[in-house]
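Colleague: Encoded as structure tokens, here's the structure I'll be asking about.
The values are calculated or read from the model by the stated rules, or taken from the named source; none is laboratory data. This is a predicted model, so every value here is computed, not measured. Reconstructed Cβ throughout: ideal geometry from the backbone, glycine too, with neighbour counts over all protein chains shown. Ligands, DNA and RNA are stripped out before the accessible areas are found, and what is left, the full protein with its side chains, is counted by its heavy atoms. Shrake-Rupley method; radii C 1.70, N 1.55, O 1.52, S 1.80 Å.
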Amino acid sequence: MNHLIILPVILPALLAPFIVLAMRHDLLLQRVFSMAGAVALLGIALMLLDQAAGGPPQVYELGNWPAPFGIVLVLDRLSALMVLLTGILAVVVAGYAISSGWDARGRHFHALFQFQLMGITGAFLTGDIFNLFVFFEVLLIASYGLMLHGGGAARTRAGVQYVVVNLAGSTLFLVAVGIIYGVTGTLNMADLAVKVQQVGPGDEALLRAGGLLLLMVFAVKAALVPIHFWLPGTYANAPAPVAALFAIMTKVGAYSILRVFTLVFGDQAGSTAWIAADWLLPAALVTLVIGTVGVLGAKALTRLVCFAVVGSMGTLLTAIALFTPTATVAALFYMIHSTFATAAMFLLADLISTRRGGAGDRLVTAPRFAQTGLLACLFFLGAIAMAGMPPMTGFLGKLLVLDSARASDSMATIWTVILITSLIAIVGFARAGSVVFWKSASVPGPDEDRKAATPAALPIAAAGTMLAAMVALAMFAGPVTGYLEATAASLYEPAGYIRAVLGPDMTAAR
């Protein structure tokens, strides 16, 4: 077995308790080990991506128990891509938290950060629905602590809402898992892909109910209407580096929808084939509209970014809901873009608000602040990326989504909603930028205050790295799209995944 596959889970799982037990009173050591762990995760992710691109899916059997009886981790093109996104984000977020001092505002930031990485990478690599639930709980428990890092009444209220919504989602997850196991006798995803074809007519309704409950659970994680309301308040009140890390959290929900509803409930699932499509597309379009309207009406910069995240999830899930290889390529490209863009905008919003004194991130005219020109330039790049304007990757992503919808019966609706909401997003970001930078430029501020508010270069470099990643994605769009096309092809031809997990003999027997 390739032991490299389990390292993205094992490394943060060992590092987190080590930080708590051996370094709880030494912040410098915590920072060194946490950053080293993030860099190591990125290096491992790059090696896994290279392996996934060069061959069929690879399986890691924990305890040497074969599937479907044991727990397995599966490395394929999609899981390798998601682990790499997590590694990139981990390095940037750790760098920002350390250089800005956010990690010193509460206790155990770095331990919780490592546990969060463990849950996220585990969710992307697991080949079992029950263990997907387990990793969901690990990342959610860590995110509860990170959400409350630094304290404060507003953060606590938002954290309570976040906990309640996600506990409800976890309860539904267990119900869905119980139903599916009762009908099929298995929770291994590859085995489920075989077993759902053998479900009798009397159990098809139960299987459909279990599948739709799973869709609802994943919709909670992905902030899909009508369960999107928790995201703006939660992300707006979270510490900036935590909100930036949460950029990958909503993608866990989108990934789960793509994985489960192409592998288990795909073409071979009989009467339950593509059961998510009819529900997912209209909900995604409504999510896009609500998120974009929120951008237009937001009264604070951070909340504006939060609603932009809701809108971007609507665009992403619209592409996923088409369930075609072409649309999935567009969805994956847009997923990469939106992860980088979201992280960049949350970090920029924090950099801007810390300089504006009492105005904070509110969209009101305030005195000039330090490095206005530099931050205005970075904000402009992030805004056009989020809105989907050329030459940033948001434009390429939306173009791919529109192109993939041409064969859909809902093409007119999809094109209309995406184009109109893109225009509204442009107006919303332009309004915010004009208030924060243009109108405020005419209001003088004390020089000594501006000098005191001038931050170190590293936090700006962290936000700039996310913007640079989007530029690199645009420059290498051809090779990236080639990788994504192969990824989408493997998702819609799951025989290779099933054979890798179950083995050729067991696959034939079943």
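Colleague: When ligands, DNA and RNA are left out and all protein chains stay put, how many square angstrom of accessible area per residue does the chain have with a 1.4 Å probe? Spell out each step's value before the answer.
Modeller: Values: 18460 Å² over 510 residues.
The answer is 36 Å² per residue.
Colleague: Treating the beta-carbon of each Lys and Arg as +1 and of each Asp and Glu as -1, no other charges, what is the dipole magnitude of the chain about its Cα centre, to the nearest 20 debye?
Modeller: Working: 26 positive and 22 negative charges, 316 e Å.
In debye, rounded to 20, the chain gives about 1520.
Colleague: Just subtract the alpha-carbon distance of Arg157 and Met389 from 0.36 nm times their residue separation and send over the number in nm, one decimal. Before the final figure, lay out each step's value.
Modeller: On the way: separation 232, 0.36 × 232 = 83.52 nm, distance 3.57 nm.
Going from the current span to full extension adds 80.0 nm.
Colleague: Another one. With point charges of +1 on the Cβ of Lys and Arg and -1 on the Cβ of Asp and Glu, referenced to the Cα centre of the stretch 157-253, which listed residue (Phe246, Met189, Leu174) lies farthest in the positive direction of the dipole?
Modeller: Result: Phe246, furthest along the dipole toward the positive end.
Colleague: With unit charges on the beta carbons (Lys and Arg positive, Asp and Glu negative) and the dipole taken about the Cα centre of the chain, which residue among Leu21, Phe346, Phe136 sits farthest to the positive side?
Modeller: Phe346
Colleague: Could I have the simple spin-label model distance between Ala477 and Gln198, label points 7 Å from Cα toward Cβ, reported in nm to one decimal?
Modeller: With each label point 7 Å from Cα toward Cβ, the separation is 4.7 nm.
Colleague: Express in nm, to one decimal, how much length is gained between Asp409 and Leu174 on full extension, taking 0.36 nm for each residue of separation and deducting their alpha carbon distance. Mind showing how you got there, number by number?
Modeller: Numbers: separation 235, 0.36 × 235 = 84.60 nm, distance 3.50 nm.
Extra length available between Asp409 and Leu174 comes to 81.1 nm.
Colleague: Magnitude of the Cβ-charge dipole of the stretch 159-304, K/R +1 and D/E -1, about the Cα centre, nearest 20 debye?
Modeller: Working: 7 positive and 5 negative charges, 107 e Å.
Dipole magnitude for the stretch 159-304 comes out near 520 debye.
Colleague: A further question follows. At 0.36 nm per residue, minus the direct Cα-Cα distance, what do Thr416 and Trp279 gain on full extension? Give it in nm, one decimal, please. All intermediate terms of the calculation are to be shown ahead of the outcome.
Modeller: Details: separation 137, 0.36 × 137 = 49.32 nm, distance 1.92 nm.
Answer, rounded to one decimal: 47.4 nm.
Colleague: Which residue, chosen from Ile498, Val72, Val225, occupies the Cα position most advanced towards the positive end of the dipole of the chain, where the dipole is computed from +1 (Lys, Arg) and -1 (Asp, Glu) charges on Cβ about the Cα centre?
Modeller: So the residue we want is Val225.
Colleague: Taking the square root of 5 times each eigenvalue of the Cα gyration tensor, what semi-axes in Å does the equivalent ellipsoid of the stretch 40-179 have, largest first? Could the numbers behind the result be given before it?
Modeller: Working: eigenvalues 172, 98, 21 Å².
In descending order, the three semi-axes are 29, 22, 10 Å.
Colleague: Between the stretch 94-167 and the stretch 244-280, what is the C-alpha centre distance in whole Å?
Modeller: After rounding, the separation between the Cα centres reads 23 Å.
Colleague: Long-range amide H contacts for Ala300: which residues qualify at under 5 Å (H placed 1.01 Å from N, peptide plane, sequence gap of 5 or more or a different chain)?
Modeller: Excluding prolines and chain starts, which carry no amide H, the hits are Leu363.
Colleague: Can you give me the distance in nm between label points at Trp65 and Lys299, each placed 7 Å from the Cα along the Cα-to-Cβ direction?
Modeller: Roughly 5.5 nm, to one decimal.
Colleague: Can you pull the semi-axes for the stretch 1-111, root of five times each eigenvalue of the Cα gyration tensor, sorted largest first, whole Å?
Modeller: Semi-axes, largest first: 30, 17, 9 Å.
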